[in-house]
Structures are given as C-alpha cells and as structure tokens.
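Visitor: Here it is: the structure, laid out below.
The values are calculated or read from the model by the stated rules, or taken from the named source; none is laboratory data. Note that the structure is a prediction, hence the values are computed from the model and not measured. A quick note on method: Cβ atoms are made from the backbone with ideal geometry, for glycine too, and the neighbour counts reach across all protein chains shown. Surface accessibility is based on the protein's heavy atoms, side chains included, excluding ligands, DNA and RNA. Shrake-Rupley method; radii C 1.70, N 1.55, O 1.52, S 1.80 Å.
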Amino acid sequence: MLRRLFSKPSAQAAAPAVDPDLTTLSIRKFVDAAPTPQAAIDVFAGRWASSFPDLDPPVQAGDVPHFTIDHRPRQAAAKLGDAQGRLDGYRILELGPLEGGHTYQLERLGAEVTAIEGNAEAYLKCLVAKELTGMRSRFLLGNFTKHLQSQGADAWDMIFASGVLYHMVRPLELIALICRAAPRAYLWTHYYDPERSEGFAGAMDDHNGFTAEHFQKHYGDRSHGRFWGGLAEAQRYLKADDIVAAFRAFGHDRVEVLETNLEHPHGPCFTLATSRST
Ligand SMILES: C[S@@+](CC[C@H](N)C(=O)[O-])C[C@H]1O[C@@H](n2cnc3c(N)ncnc32)[C@H](O)[C@@H]1O
C-alpha cells in the first residue's frame, strides 16, 4: 500500500515529453518577494508586447503603446461613436485583445467591453492588466469565431477587430459573423497585395456563396514568447477589394476606408469602419 502511495506518477499521468504544437506555457510558480505590480508583470517577463499607462508605482512591460497613443480605439469612437466621439453605453465585442491595451482605451471612451482571447498566456496577461489598471471589462478565454457562430444577430453594438482577420482559417466566415453580430464594426487588418506580399500560396475561400482567393503563409516557430498570431498554423490574407466587397455582401453596406499603410513591416494594411444602413 505504502509503495503504491509513494510510487512515481504513471507515464500516462505525466506531462508529455514533447509538445507537438510547441505552444505549452511554462511559468514560475512561487513568488517569494513582497507583492508589487511589477511582480505580476514579471510572471511573463520578456514576453510582453505593450507598454503600460502611467501607474503608481510604474511598471515596465513591453514597448508597443497599445494602452496609450495607439490611435485605433479613438479612431473607432470618432467614426462609429456618438457626436462627441465617445462610446458611452456601447456594448463592444473586441476580438483578440492580446494584452488588453485597446480594451483599456475603449473602456475609457465609455464602452462596455467584452474581449475574447484564444491565447491562454495573452488572456492571463489581460487579467494582470485588468488588475493593475482597474479595468471593469470582461475577458473571456476561447475562440471568438466559435463564440460568434453561436450568437444571434445584433448581440453587440459594435465589433472591434484589430489584427485578427488575417489570422483566420476562414477569413470570409469571420467577416460574415461580424456583419451579423453587430450593426457596426471597426477593422484593422493586413491584406494581400501581389506587388508587396511574398511567400504566400493562393487558395479559394467560399462562404455562403461569396468566393474570394486567400493567400496563405505558415507562421513558422510559434513557441517563442513574442508570437501574437492566431490559433492555427498559418495566416491567410485576403485582397483589400475582396475584404470591402465581403463586408458589403454580408450586410454592412457602408464601408469606409479610414487609412491605408503600404509600408508596414508585416505588409500592407488598412483600416475600415463598416455599418448597416438599415
Ligand atoms: C496580432 S494580435 C492583435 C492584438 C490587438 N488586437 C492589436 O490589434 O494590437 C492577434 C490576437 O488575436 C488573438 N486571436 C487570434 N485568433 C483568435 C481566435 N480565433 N480566437 C480568439 N483569439 C484569437 C491572438 O491570440 C492575439 O492575441
């Protein structure tokens, strides 16, 4: 009996020696120092993208200003919010918040935000950010496509979708789901440009009778701490005109291109504000 109690765990119960997807998370378990905000950040030391807003005491995380001067949440509010450029009372579903920087800004613009994140490490960082900044937004862990598939029409006032479309296995389906889930949407995305995008393989995507070519490229190593991509093994870019046409075909007939950047280091990108006229 004693031998059974103290024997090593069976091979079946032990963690697998090899992680085939190279995506297992490993963090230090015990923190034996006096508690500080920086200690919470340092659970993911060297793995943050975002810098934090001014906190007391200040913290050091990453260097991308998602919480502060990144203008996308303000641009969404200016185009799709009220006459004052505010989002007071708007129920927003944010897709892929990463570390909650845009969530923080949307909330400060008045929105009630629910944000769905499918990377468990990023989700936990959002919870750290929520605690340190006092956000009241809700963060959910899981695949936002599966969430949207199970929701009816107009469950939200706005969808905020920054940096996610090109990470989808079926990007046209996500556009259709966005158009059904809310009467308005803000989208920032990379797109495929034959003159500027290299190393992509073309394939056809079809959703509910709308067909477009998408261009696929494998991520390569997803195990490093600064991988901010999608849940599958590859990214898939649509052409800009097809993205605009798909929004119109799936019911957001008003599509405004707010900004285009051909020089982004990861390839051309643009920003859309879309809505239904009826
Ligand atoms: C490139 S980052 C964009 C982060 C942020 N929205 C921004 O614009 O800076 C993509 C984020 O979406 C998340 N994501 C991608 N596909 C997802 C899915 N199907 N469900 C939930 N989260 C997803 C990733 O884990 C990552 O945090």
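One line per residue, one yes/no per condition, for (1) out of contact with any strand residue (DSSP E or B) (no Cβ under 7 Å at 6 or more places or on another chain); (2) small (Gly, Ala, Ser):
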| residue | (1), (2) |
| --- | --- |
| 69 | yes, no |
| 72 | no, no |
| 76 | no, yes |
| 92 | no, no |
| 104 | yes, no |
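Visitor: Every residue in segment 135-151 that is more than 12 Å from the ligand (Cβ to nearest atom), open to solvent by 50 Å² or more (accessible area, probe 1.4 Å) and out of contact with any strand residue (DSSP E or B) (no Cβ under 7 Å at 6 or more places or on another chain), please.
Guide: Scanning segment 135-151 gives 136, 150.
Visitor: Every residue in segment 81-96 that is closer than 27 Å to residue 142 by Cβ and surrounded by fewer than 24 Cβ atoms within 10 Å (Cβ to Cβ), please.
Guide: Result: 89, 90, 91, 96.
Visitor: Taking segment 260-278 as the region of interest, how many residues are touching a residue at least 24 places away in the same chain (Cβ under 8 Å), open to solvent by 40 Å² or more (accessible area, probe 1.4 Å) and not in a loop (DSSP other than H, G, I, E, B)?
Guide: 0
Visitor: Answer yes if at least one residue in segment 41-64 is touching a helix residue (DSSP H, G or I) at 6+ places or on another chain (Cβ under 7 Å), hydroxyl-bearing (Ser, Thr, Tyr), open to solvent by 20 Å² or more (accessible area, probe 1.4 Å) and within 13 Å of the ligand (Cβ to nearest atom), and no otherwise.
Guide: The answer is no, given that none of the residues of segment 41-64 is touching a helix residue (DSSP H, G or I) at 6+ places or on another chain (Cβ under 7 Å), hydroxyl-bearing (Ser, Thr, Tyr), open to solvent by 20 Å² or more (accessible area, probe 1.4 Å) and within 13 Å of the ligand (Cβ to nearest atom).
Visitor: In the set 111, 115, which member is closer than 22 Å to residue 142 by Cα, away from the ligand (no atom under 14 Å from the Cβ) and in contact (Cβ under 8 Å) with a residue 12 or more places away in the chain?
Guide: None of the other options fit; the residue is 111.
Visitor: Check residue 132 against each of (1) crowded, with 16+ Cβ neighbours inside 10 Å; (2) assigned to a loop (DSSP other than H, G, I, E, B); (3) more than 15 Å from the chain's Cα centre (by Cα) and name the one condition it does not meet.
Guide: Residue 132 satisfies every listed condition except (2).
Visitor: Any residue that is touching a Leu at 6+ places or on another chain (Cβ under 6 Å), at pLDDT 95 or above and in a strand (DSSP E or B) - is there at least one of those in segment 177-184?
Guide: Looking for residues that are touching a Leu at 6+ places or on another chain (Cβ under 6 Å), at pLDDT 95 or above and in a strand (DSSP E or B), one finds at least one in segment 177-184, hence yes.
Visitor: Quick check on segment 218-250: of everything there that is free of Cβ contacts under 8 Å to residues at least 24 places away in the same chain and open to solvent by 70 Å² or more (accessible area, probe 1.4 Å), which residue is nearest to the ligand (Cβ to nearest atom)?
Guide: Step by step, filter segment 218-250, then rank; the result is 233.
Visitor: Next up: For the condition surrounded by fewer than 17 Cβ atoms within 10 Å (Cβ to Cβ), charged (D, E, K, R) and in contact with a strand residue (DSSP E or B) (Cβ under 8 Å, 6 or more places away or on another chain), what is the one hit in 184, 254?
Guide: Answer to the selection: 254.
Visitor: When residue 93 is evaluated against the numbered criteria (1) part of a strand (DSSP E or B); (2) in contact with an Asp or Glu (Cβ under 8 Å, 6 or more places away or on another chain), which criterion, by number, is the only one it fails?
Guide: (2)
Visitor: Looking only at segment 103-121, count every residue that is touching a His at 6+ places or on another chain (Cβ under 6 Å) and either open to solvent by 20 Å² or more (accessible area, probe 1.4 Å) or within 14 Å of residue 73 (Cβ to Cβ) (or both) and tell me the total.
Guide: Within segment 103-121, residues that are touching a His at 6+ places or on another chain (Cβ under 6 Å) and either open to solvent by 20 Å² or more (accessible area, probe 1.4 Å) or within 14 Å of residue 73 (Cβ to Cβ) (or both) number 0.
Listed here are the residues, each with its yes/no results for (1) part of a helix (DSSP H, G or I); (2) open to solvent by less than 20 Å² (accessible area, probe 1.4 Å); (3) more than 10 Å from the ligand (Cβ to nearest atom).
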site	(1), (2), (3)
99	no, yes, no
126	yes, yes, no
153	no, no, yes
160	no, yes, no
172	yes, yes, yes
194	no, no, yes
